[in-house]
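Engineer: I have a structure I would like to understand better, so I am pasting it below and will then ask my questions one at a time.
The values are calculated or read from the model by the stated rules, or taken from the named source; none is laboratory data. These numbers were taken from a predicted model, which means no experiment stands behind them. FYI the Cβ positions are ideal-geometry reconstructions off the backbone, even for glycines, and counts take in every protein chain you see. For the accessible areas, the whole protein counts, side chains as well, though only heavy atoms, and no ligand, DNA or RNA atoms are used. Shrake-Rupley method; radii C 1.70, N 1.55, O 1.52, S 1.80 Å.
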Protein chains: 2
Amino acid sequence: MSLEPGKTRIGFIGLGIMGSSMARHVRSAGFELGVFARRPEAAQPLLQLGARAFESPRALAAASDVVVTIVGFPSDVESLYLGDGGLIEAARPGSYLVDMTTSSPSLARRIASTARSRGVFALDAPVTGGDAGAREARLSIMVGGETAAFEALRPLLRVLGTTLVRQGEAGAGQHAKLANQIAVACTMLGVSEALGYAKRAGLEPESVLKSISQGAAKSFALEHLAPKMLAGDFAPGFFVKHLVKDLGLALAEANDLGFDAPGLRLVLERYRTLMDLGYSEAGTQVLFQLYR
Amino acid sequence: MSLEPGKTRIGFIGLGIMGSSMARHVRSAGFELGVFARRPEAAQPLLQLGARAFESPRALAAASDVVVTIVGFPSDVESLYLGDGGLIEAARPGSYLVDMTTSSPSLARRIASTARSRGVFALDAPVTGGDAGAREARLSIMVGGETAAFEALRPLLRVLGTTLVRQGEAGAGQHAKLANQIAVACTMLGVSEALGYAKRAGLEPESVLKSISQGAAKSFALEHLAPKMLAGDFAPGFFVKHLVKDLGLALAEANDLGFDAPGLRLVLERYRTLMDLGYSEAGTQVLFQLYR
């Protein structure tokens, strides 16, 4: 099958902050768009753009050439794909399922092989770039699965992102995303401790930022999140609860692989402390709170 | 005193990778330049530009309006400034001493107060930007000490760097630099673990870099040092032994301040392991070796 705007029917499940922007781009590119939303009001703006609402994931899958999902947790992914009346059961042979949730590499492998046994192609394709990346269609998409399926889906993926890389077989997209989260979290740890130290030493952390933000310490976190830390702005760009989920997945995989990751262990423990303190719905920059 | 190229006599001690570039800029800006070098050959290129060599720090200080130092360890700084025949003893009243070594904040305070009691102005002014920043005169200079002294030295400092920020009283420049090193080291930890994890999971780490280098994980380390890690290029841009010195200083200060810094503790322990393994003269990106 080759994807064609105007002909190919794309189903979309998961109209959160990321998903609603992404679904809009799919529709704007001219694809037929079907959606399933647990909260019907989430679908409303898309229906006004010509999308069609379905009453269940099963009904959506039966009427789609490709189903894209971006939901919360691996448990959501598992029941959506593998549960009774799930996507794999309902998908038409020859169709594609693309999970863009950050989820478990081993679950992604299980989904791909179950799908394959029914003639369905499943890819894991988590993203980085955040809400802004989704809104501006410049996500980085990390894909695991068969090369032919990745190539077939390019016309769809390039509507959503600017960096499309196949990382390997099923699960490899998830592994790449977890590697990303390890780097993100340890960098956040360094930025939080650096600013906390500076404050404790009696410096003006804003002045320290001015001195250090463009050198060897330079990072996305230092540039974009450190100012929020200092302003006490902990509104979520990315939720603590989701980072804890991702780091927990990474640590479980690392343990399975016999890979010792003390930085990952430490930062996961710090973020779990934040969960215990009631910060699960805060943005990840709230880590600075532990250093005030 | 106001600094004037052609009139003001600048003394320079510490003609290593950073210092030799910096001294060259001082001379090129038209200042009278005197140097002291333990290894006379290090001074040779500067003498050809019209610098004058002195046989001891004491002789240099006696003949200078400003002495700039950038040496290795706090123990070097301490003996150079406070030892018998040291800079403070030899400096002319009203002259300036500027230590650009990354060193101890408390030592910087001790130097400043001792200097002040003899009518000499001492500033701590460590830098970031590395050898390239020194070569291209775009260092970030973090200054601790009296405002008037900082203002008086601006015409000299702006010959060496593009970002000049007074961080506070004596020692504050060092504190800011240590904050920088905390962020640098934890970011390096995250990059090393992320790439190590990706490799262990069977991915091509180069492909992972392509996917993650421009998003939320973006950092100087990911952009400039991760490719060296993957190429097995551990040539020093910045020595492990110097980072261990800096992180040790930061941890000692953190302990004095009652500031709990588990990320700093962990990354210092990792770099000490590398020292034990014989990597003290390698570049800091050698941290990746612990994850291969």
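Engineer: Reported to two decimal places, what Rg/Rh ratio describes the protein assembly as shown when computed on Cα atoms with Rh from the Kirkwood expression?
Structural biologist: 1.09
Engineer: Just add up the charged neighbours of A:Gly173: K/R +1, D/E -1, any other residue whose Cβ is under 10 Å from the Cβ of A:Gly173.
Structural biologist: -1
Engineer: Scaled to the compact-protein estimate 2.2 N^0.38 Å, what is the alpha-carbon radius of gyration of segment A:9-169, rounded to two decimal places?
Structural biologist: In units of the 2.2 N^0.38 Å rule of thumb, it is 0.92.
Engineer: Rg(Cα) of segment B:111-199 divided by 2.2 N^0.38 Å?
Structural biologist: 1.36
Engineer: Give, in nm to one decimal, the length gained when the segment between A:Glu269 and A:Glu204 is fully stretched (0.36 nm per residue of separation minus the Cα-Cα distance).
Structural biologist: 20.6 nm
Engineer: With both partners inside segment A:116-205, how many of the DSSP beta bridges are antiparallel, as a percent to the nearest 5?
Structural biologist: 35
Engineer: While we're on this one: Given a 1.4 Å probe and the protein chains all in place, what does the accessible area of A:Glu136 round to, in Å² to the nearest 10?
Structural biologist: For A:Glu136, solvent-accessible area is about 100 Å².
Engineer: Taking every eigenvalue of the Cα gyration tensor of segment A:176-290, multiplying by 5 and rooting it, what semi-axes result, largest first, whole Å?
Structural biologist: Gyration-tensor ellipsoid for segment A:176-290: 25, 16, 12 Å.
Engineer: Follow-up. Given B:Lys177/B:Lys241; A:Lys210/B:Lys241; A:Lys218/B:Lys210; A:Lys177/A:Lys199, which pairs have Cα atoms separated by over 21 Å?
Structural biologist: A:Lys210/B:Lys241; A:Lys177/A:Lys199, as the Cα separations exceed 21 Å there.
Engineer: Sort B:204-212, B:97-105 for me by packing, meaning the mean count of neighbouring Cβ atoms within 10 Å per residue, highest on top.
Structural biologist: Per-residue Cβ counts within 10 Å, averaged per peptide and sorted highest first, yield B:97-105, B:204-212.
Engineer: Here is a follow-up. Ignore the peptide's own chain and count Cβ atoms of other chains within 10 Å of each Cβ in B:202-209; give me the average, rounded.
Structural biologist: Per residue, the average neighbour count from other chains is 6.
Engineer: What whole number of Å gives the distance from the Cα centroid of segment A:94-128 to the Cα centroid of segment B:107-129?
Structural biologist: What the calculation gives is 62 Å, centre to centre.
Engineer: Obtain the nm distance between the two label points defined at A:Arg154 and B:Leu49 by a simple spin-label model: each point lies 7 Å from its Cα along the Cα-to-C-beta direction.
Structural biologist: 5.2
Engineer: Provide the three semi-axes, in whole Å and in decreasing order, of the ellipsoid equivalent to segment A:175-216 as defined by the square roots of 5 times the Cα gyration tensor eigenvalues.
Structural biologist: Semi-axis lengths for segment A:175-216 are 26, 12, 5 Å.
Engineer: Given the protein assembly as shown, what percent of its DSSP beta bridges are antiparallel, to the nearest 5?
Structural biologist: 15
Engineer: If you don't mind, there's one more thing I want to ask. If you average 1/r over every pair of different alpha-carbon atoms in chain A and take one over that average, what Kirkwood value in Å do you get?
Structural biologist: Result for chain A stands at 19.9 Å.
Engineer: Can you give the % of DSSP beta bridges in chain B that are antiparallel, to the nearest 5?
Structural biologist: That works out to approximately 15 percent antiparallel.
Engineer: Still on this model: Pop the C-beta distance of A:Ala252 and A:Thr147 into the FRET formula with R0 = 22 Å and round what comes out to the nearest 0.05.
Structural biologist: Once rounded, the FRET efficiency stands at 0.20.
Engineer: Would you tell me the mean number of C-beta atoms belonging to other protein chains that fall within 10 Å of each C-beta in B:168-180, as a whole number?
Structural biologist: For this peptide, the per-residue mean of nearby foreign Cβ atoms is 6.
Engineer: Could I ask something else about it? Using alpha-carbon positions, what is the distance between the centroids of segment B:173-235 and segment A:130-156, in Å?
Structural biologist: 24
Engineer: What are the nm distances, shortest first, from A:Arg272 to its equivalents in the other copies, labels at 7 Å along Cα→Cβ?
Structural biologist: Spelled out, the distances from A:Arg272's label point are 2.5 nm.
Engineer: What whole-number value in Å² describes the accessible area per residue of segment A:204-243 for a 1.4 Å probe?
Structural biologist: On a per-residue basis, segment A:204-243 sits at 44 Å².
Engineer: Using a 7 Å offset from the Cα along the Cα-to-Cβ direction at both A:Ala235 and A:Ser56, what is the distance between the two label points in nm, to one decimal?
Structural biologist: About 4.0 nm separates the two model spin labels.
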